[in-house]
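Visitor: Encoded as C-alpha cells, here's the structure I'll be asking about.
The values are calculated or read from the model by the stated rules, or taken from the named source; none is laboratory data. What you are looking at is a predicted structure, and each value in this text was computed from that prediction instead of being measured. All Cβ positions, even for glycine, are placed from backbone atoms using ideal geometry, and neighbour counts span all protein chains on display.
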Amino acid sequence: MSLLTVGTVAFDSIETPFGKVDKVIGGAATYICWAASYFCKQQHLVSVIGDDWPDREIVALNKRGVDTRGLQIIPGEKSFFWAGKYHTDLNQRDTLVTDLNVLADFDPVLPEAYQDTEYLMLGNLTPEIQMTVIRQMERRPKLIAMDTMNFWMDVAMDGLLQTIRMVDVLTINDEEARQLSGEYSLVKAAKKIFTLGPKYLVIKKGEHGALLFHQDEVFFAPALPLLEVKDPTGAGDTFAGGFMGYIAKTDDSSFENLKRALIYGSAMASFCVEEFSLDRLRTITDVQLQIRLNQFKNLVHYNL
C-alpha cells in the first residue's frame with residue numbers, strides 16, 4: 001500500500017549538551033519518509049525546497065522508495081531553516097532561528113499519481129495547508145493521520161478544529177493535548193478531543209513513551225531506556241513515520257494493528273535520537289530493527 005506524506009523538508013542547526021551541527025538535513029517530512037521507508041516501499045512526498053537543497057538528498061529518498069514528483073523546487077530561493085538549542089533536560093529547547101523562506105508561500109499541489117494514495121500522513125504545517133491536501137485527494141484515504149502543535153492552537157484554532165474533523169488519527173504531545181482539551185487528565189483530554197472528530201488519538205510523552213486512545217480503550221508504548229541520546233530533533237516525526245509506515249505495509253487500520261504500529265514507531269524514534277540529523281536513520285539494518293523491537297517487547301512482557 002502507498003503512503004503520502006506532506007510536511008517540511010528543511011535545514012537544521014542544532015546544539016545539544018552532546019554536540020553541535022550546522023545546516024544539517026531536517027524537516028518533518030524528511031524524518032517521516034526515512035522512517036516509513038523501512039516498512040513502506042511506495043511513498044509519495046509533497047513539500048517545497050529552494051535550489052540550495054542537495055540533489056544527493058533527493059536521490060537518497062528515491063532510493064528508499066520515495067516518489068518526489070510532489071517536491072516543489074523554487075529557483076533562486078532558500079529552503080526552510082530552523083536552529084535550536086537544547087537544555088541539559090532534552091525535553092526543553094530554545095528556538096534560535098526560524099526562516100520560513102520557500103515555506104512562506106507554499107501551495108501544495110498533488111500530482112495526479114498521488115491522488116488515490118491509500119494512507120495519508122499530514123506533518124506539522126498550517127491547518128490550511130493540511131486541509132488543502134485532503135481536498136485534493138480523488139478519494140478519501142483509508143486512514144488520515146495528522147500532526148500539529150500548540151502554535152496552531154494559539155494562532156489558527158478555527159482552521160485547526162476544521163482540519164481535525166477531517167482526520168482519523170491525531171498525534172500531539174501531552175502538553176498540547178491539555179491545551180487543546182482544557183483538561184489536565186490525559187484520559188479526560190482524550191474523551192474531549194474525540195468529540196472534535198478523530199477516531200484515534202496518539203499522545204506522545206517523549207522519554208516517557210506514548211499513549212494510544214480509541215473510544216474507551218487505551219494502549220501504552222514505553223520509551224526504550226537508551227545508553228546515549230545525542231539529539232531529540234525529529235524524534236516525533238520519526239515516530240509518525242514508523243507508525244504510518246507499518247500501517248501502510250500491513251494495510252490494517254484496526255485498533256489492534258495500531259497498537260503494534262505504536263511500538264514500531266517508538267522503535268524508530270529510539271534510533272533517531274542516537275545521532276544528529278538523519279545519521280542513524282540512514283544506517284539501520286533489519287537485524288538491528290528486530291533486536292530493537294524485541295527489546296520493546298521485553299520491556300512490557302511478564303508472567304502473572
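Visitor: When you check A104 against the structure, is it outside any loop (DSSP other than H, G, I, E, B), loosely packed, with under 15 Cβ neighbours inside 10 Å and either without any contact (Cβ under 8 Å) to a residue 40 or more places away in the chain or touching a Ser or Thr at 6+ places or on another chain (Cβ under 8 Å) (or both), yes or no? So that I can check it myself, show each step before the final result.
Guide: Numbers: outside any loop (DSSP other than H, G, I, E, B): yes; loosely packed, with under 15 Cβ neighbours inside 10 Å: yes; either without any contact (Cβ under 8 Å) to a residue 40 or more places away in the chain or touching a Ser or Thr at 6+ places or on another chain (Cβ under 8 Å) (or both): yes.
Against the criterion (outside any loop (DSSP other than H, G, I, E, B), loosely packed, with under 15 Cβ neighbours inside 10 Å and either without any contact (Cβ under 8 Å) to a residue 40 or more places away in the chain or touching a Ser or Thr at 6+ places or on another chain (Cβ under 8 Å) (or both)), A104 qualifies.
Visitor: Kindly indicate whether D168 is in contact with a Leu (Cβ under 6 Å, 6 or more places away or on another chain) and in contact (Cβ under 8 Å) with a residue 12 or more places away in the chain. Reasoning before the result, please.
Guide: Values: in contact with a Leu (Cβ under 6 Å, 6 or more places away or on another chain): yes; in contact (Cβ under 8 Å) with a residue 12 or more places away in the chain: yes.
In short, yes.
Conditions tested, residue by residue: (1) charged (D, E, K, R); (2) out of contact with any helix residue (DSSP H, G or I) (no Cβ under 7 Å at 6 or more places or on another chain).
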residue: F239; (1), (2): no, no
residue: M244; (1), (2): no, no
residue: T250; (1), (2): no, no
residue: E256; (1), (2): yes, yes
residue: S266; (1), (2): no, no
residue: A269; (1), (2): no, no
residue: I291; (1), (2): no, yes
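Visitor: Looking at the stretch 91-99, can you tell me whether even one residue there is outside any helix (DSSP H, G or I), among the β-branched types (V, I, T) and over 21 Å from G234 (Cα atoms)? Explain how you work it out, then say what you get.
Guide: Start the filter on the stretch 91-99 by keeping residues that are outside any helix (DSSP H, G or I), which leaves 91-99.
This time we only want the ones that are among the β-branched types (V, I, T), so: 95, 97-98.
Now restrict to residues that are over 21 Å from G234 (Cα atoms): none.
Within the stretch 91-99, none of the residues are outside any helix (DSSP H, G or I), among the β-branched types (V, I, T) and over 21 Å from G234 (Cα atoms).
Visitor: Follow-up question, since we're still on this one. Kindly check whether there is at least one residue in the stretch 286-296 that is part of a helix (DSSP H, G or I) and touching a Gly at 6+ places or on another chain (Cβ under 8 Å). Let's see the steps before the verdict.
Guide: Keep residues of the stretch 286-296 that are part of a helix (DSSP H, G or I), which gives 286-296.
This time we only want the ones that are touching a Gly at 6+ places or on another chain (Cβ under 8 Å), so: none.
No.
Visitor: Here is a further query. Taking the options D237, D216, name whichever one is under 16 Å from the mean Cα position of the chain (by Cα) and of a type in the set (D, E). I'd like the intermediate steps shown before the answer.
Guide: Details: D216 fails: under 16 Å from the mean Cα position of the chain (by Cα).
The unique qualifying residue is D237.
Visitor: Moving on. What's the number of the condition E207 fails, among (1) buried (at least 16 other Cβ atoms within 10 Å of the Cβ); (2) modelled with pLDDT of 95 or more?
Guide: So the condition that E207 fails would be (2).
Visitor: I would also like to ask the following. Checking Y119 against (1) buried (at least 20 other Cβ atoms within 10 Å of the Cβ); (2) free of Cβ contacts under 8 Å to residues at least 12 places away in the same chain: exactly one of these is not met. Which one?
Guide: With respect to (1) buried (at least 20 other Cβ atoms within 10 Å of the Cβ); (2) free of Cβ contacts under 8 Å to residues at least 12 places away in the same chain, Y119 is out only on (2).
Visitor: Please find, within the stretch 213-234, the residue that is farthest from A177 (Cα to Cα) out of those that are surrounded by 24 or more Cβ atoms within 10 Å (Cβ to Cβ) and touching a residue at least 40 places away in the same chain (Cβ under 8 Å).
Guide: The first filter runs over the stretch 213-234 and keeps only residues surrounded by 24 or more Cβ atoms within 10 Å (Cβ to Cβ), leaving 213, 221, 231, 233-234.
The next check asks that each one be touching a residue at least 40 places away in the same chain (Cβ under 8 Å); those that pass are 221, 231, 233-234.
Working: A221: 17, D231: 24, T233: 20, G234: 19 Å.
In this case the residue turns out to be D231.
Visitor: Surrounded by fewer than 16 Cβ atoms within 10 Å (Cβ to Cβ), touching a residue at least 24 places away in the same chain (Cβ under 8 Å) and more than 16 Å from A29 (Cα to Cα): which single residue out of E128, E138 fits that description?
Guide: Unique residue meeting the criteria: E128.
Visitor: Suppose we keep only residues that are under 16 Å from the mean Cα position of the chain (by Cα) and assigned to a loop (DSSP other than H, G, I, E, B) within the stretch 37-76. Which one would you say is surrounded by the most Cβ atoms within 10 Å (Cβ to Cβ)?
Guide: Ranking the candidates gives C40 first.
Visitor: All but one of (1) buried (at least 20 other Cβ atoms within 10 Å of the Cβ); (2) touching a His at 6+ places or on another chain (Cβ under 8 Å) hold for F80; state the number of the condition that does not hold.
Guide: Of everything listed in (1) buried (at least 20 other Cβ atoms within 10 Å of the Cβ); (2) touching a His at 6+ places or on another chain (Cβ under 8 Å), F80 misses just condition (2).
Visitor: Let me ask something additional. Report whether or not N303 is at pLDDT below 95 and not hydroxyl-bearing (S, T, Y).
Guide: Details: at pLDDT below 95: yes; not hydroxyl-bearing (S, T, Y): yes.
Against the criterion (at pLDDT below 95 and not hydroxyl-bearing (S, T, Y)), N303 qualifies.
Visitor: Just wondering, is there one or more residues in the stretch 22-31 that are of a type in the set (V, I, T), part of a strand (DSSP E or B) and over 29 Å from S266 (Cα atoms)? Before the answer, list the steps.
Guide: Filtering the stretch 22-31 for residues of a type in the set (V, I, T) gives 24-25, 30.
Subset that is part of a strand (DSSP E or B): 24-25.
Checking which are over 29 Å from S266 (Cα atoms) leaves us with none.
No, the stretch 22-31 has no match at all.
Visitor: Right, here's the next one. For residues that are acidic (D, E) and touching a Ser or Thr at 6+ places or on another chain (Cβ under 8 Å), scanning just the stretch 1-27, find the one that is farthest from Q92 (Cα to Cα).
Guide: Taking the stretch 1-27 as the starting set, the residues that turn out to be acidic (D, E) are 12, 15, 22.
Narrowing the set further to residues that are touching a Ser or Thr at 6+ places or on another chain (Cβ under 8 Å) leaves 12, 22.
Details: D12: 17, D22: 20 Å.
Checked the stretch 1-27; the qualifying residue farthest from Q92 (Cα to Cα) is D22.
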